[in-house]
Every structure is written in C-alpha cells, then in structure tokens.
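Report on the structure given below.
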Ligand code: NCD
C-alpha cells in the first residue's frame, strides 16, 4: 500500500511509526543505490517547483538534487523580489499558478500555517519546507534517518534539544517523530526560548519523558544525542532581546572534553556561533553527514508521493 501517494507533507504529527520506518527504509535503499549509480529515474517527466519566501541553502538544493537524481525536473521562483510576489500577489494565487506548471510544490514561507493554506488551495501535493516558527517535517525525517544511522536504532533514545526551542521549527517537527519512538527528551533553552507549552503538554500526554532545563552539561551527560539549534534571529520582534540571548549555549572542544562519554552531535544548520568549528573534527560531530542524508530522505519522500515506492 503506497502510504504517501498523492499526500501533502505538512506536519511532523501526520506520520505513524510505520510511515517513518517505511520512509527511512526507502531512503536507505536509495542511499545504497546511489553508491552504484548517479540516478534512479523513477520520476521521469515529473516537475518539482520550489517556492522559497525565506532563505535556504540545504533544503532547497537537496530537494533539487533529489528530484534530479530521480530523473525529474525542477522549476523555481528565484527570489521573491524577482517574482510577482513583489507585485503583491497572494500566496494562494501564486500556488494556483505554480500548480499549472508543476506536479509537486516545495514551499518555505515565513507564516506559520502557510503550508496548510497552500495545500488547501491546490490539488497537487505541497511539501512544507518550513512555515515560520511552525514545522519543518522533512528536516525532522532526515534527522531521525541520521540518528538511526549514527546510533543504530531509534529505540530508547535519550536526546537533548538545545537552543531556540521557541522559534525553531526543526525541533517542533522533530519531537513529533521522537515521540513515536518513546524517546526521553531534554529541552535545554534560555527561559525566554522554551519549547511552546502546548507542544510540551502534547508530548507528556503521549507518555514521553520530558525534562526542561538550562543545564546543558547535565542534559548532555544524560544523552546519546545533542541536537544544537541556531537562535532564530529573524523571528525576534525585539532585536535587543536576540542580542541578549544569542550565545546562550555554545558547544566547543572544552565542553566535549568535560563530558563523561562520547556524544553524537546534530544541527540542522546553518550554525552561527553555537557550535565552534573546532568541534567539526570530533568523531561524534554528525551535522555534515546529516545534511547529506537530506538528499536520500527527500528522494524517498518524492518517490513515495508519486506512488513509486
Ligand atoms: C533550518 C530552518 O530553516 O528551519 N534550516 C534548515 O532547513 N536546515 C534551521 C535554521 O534555519 O536555523
């Protein structure tokens, strides 16, 4: 039964544990195949449109790489300034337009809920590549794919999510997936950037053990994985607040030396100063492997949306 055929990808909470396992299995098959050949032309003739109303490097380019590795093509709006958005066109009208030219839309937009609004205004699948401080489900899928590869299992994980848990859409989506596997979750943030209460409430309601703390050392020592995030400067109404909070949690060589055991370090990237470059050589630093995994996971999602897996 093709579980994602024709579906939108909007929110981390839309997946069952079985869905996630099927996506990871397909991604892993594609990763193996791509060691032998450059392309798997399952989606010949299909066109993916990228609509990015916010900056992106990895998400956009890995989606573009993914559709092309699958034999499909890609069209993109370029920057918002160079499209009719600059003339005041609404998101819904832009989505209607792009639906005439493409078979699937990947959307990144600053407004929470925009991906659902887009999905409701077109018959073609919409993939949420980040809606404001809302969700970023494809990142969460590549994060769990990476965790599975690095740790060997998704069972009985203990993970610390560190940084901007209020505005960080990657962690909002990731906790939904982690909750399917009953992880123990440490939420490490400054008081002003705590995980939204309704998300914490939802996790606890599912029986997930959640610890909110500002003690990164204690959380890291109890965890197998340290998931660092960037303080989301662009979401602050008051930039002086950002200035006060930036640099709250920094991972460097000295911090790692003081840990009791080796830890796996993830970050959705881009980083600003929350991971010192000296950490890059640490064996558990998995964030560059993590971004590569984005291609395999996005290939899996696209193949499944078109019913080819
Ligand atoms: C993240 C995002 O855009 O939410 N980046 C990404 O997609 N890899 C994280 C961030 O910008 O901090």
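The values are calculated or read from the model by the stated rules, or taken from the named source; none is laboratory data. This structure is a prediction, so every number in the text was calculated from the model and none was measured. Please note: Cβ atoms are built from the backbone with ideal geometry, for glycine as well, and neighbour counts cover all protein chains shown.
Odds and ends about this structure:
- Of the strands (runs of 3 or more DSSP E) lying entirely inside region 47-111, the ones with 2 or more residues being surrounded by 22 or more Cβ atoms within 10 Å (Cβ to Cβ), within 16 Å of the ligand (Cβ to nearest atom) and at pLDDT 95 or above are found at 47-52, 104-109.
- Screening region 163-199 for residues that are in contact (Cβ under 8 Å) with a residue 60 or more places away in the chain and in a helix (DSSP H, G or I) and picking the one that is farthest from the chain's Cα centre (by Cα) gives 180.
- With respect to the conditions (1) without any contact (Cβ under 8 Å) to a residue 60 or more places away in the chain; (2) touching a helix residue (DSSP H, G or I) at 6+ places or on another chain (Cβ under 9 Å), residue 219 falls short on a single one, namely (2).
- Within the span defined as region 232-250, every residue fails to be under 19 Å from residue 279 (Cα atoms), within 14 Å of the ligand (Cβ to nearest atom) and under 20 Å from the mean Cα position of the chain (by Cα).
- Scanning region 180-202 for residues that are farther than 16 Å from residue 134 by Cα and in contact with a strand residue (DSSP E or B) (Cβ under 8 Å, 6 or more places away or on another chain), we see that the one that is surrounded by the most Cβ atoms within 10 Å (Cβ to Cβ) is 188.
- Among the residues of region 21-33, those identified as under 30 Å from residue 168 (Cβ atoms) and out of contact with any helix residue (DSSP H, G or I) (no Cβ under 6 Å at 6 or more places or on another chain) are 21, 22, 25, 28.
- Filtered residue count, region 112-134, keeping only those that are more than 11 Å from the ligand (Cβ to nearest atom), surrounded by fewer than 24 Cβ atoms within 10 Å (Cβ to Cβ) and not in a helix (DSSP H, G or I): 7
- On the stretch given as region 283-309, residues that are within 16 Å of the ligand (Cβ to nearest atom), under 20 Å from residue 105 (Cβ atoms) and crowded, with 24+ Cβ neighbours inside 10 Å total 4.
- Residues that are modelled with pLDDT of 95 or more and part of a loop (DSSP other than H, G, I, E, B) do occur in region 135-148, at least one of them.
Okay, residues lined up against (1) over 23 Å from residue 146 (Cα atoms); (2) away from the ligand (no atom under 16 Å from the Cβ):
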site	(1), (2)
162	no, no
180	no, yes
185	no, yes
209	no, yes
215	yes, yes
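- Scanning region 262-279 for residues that are more than 16 Å from the ligand (Cβ to nearest atom) and in contact with a helix residue (DSSP H, G or I) (Cβ under 8 Å, 6 or more places away or on another chain) turns up 263, 264, 276, 278, 279.
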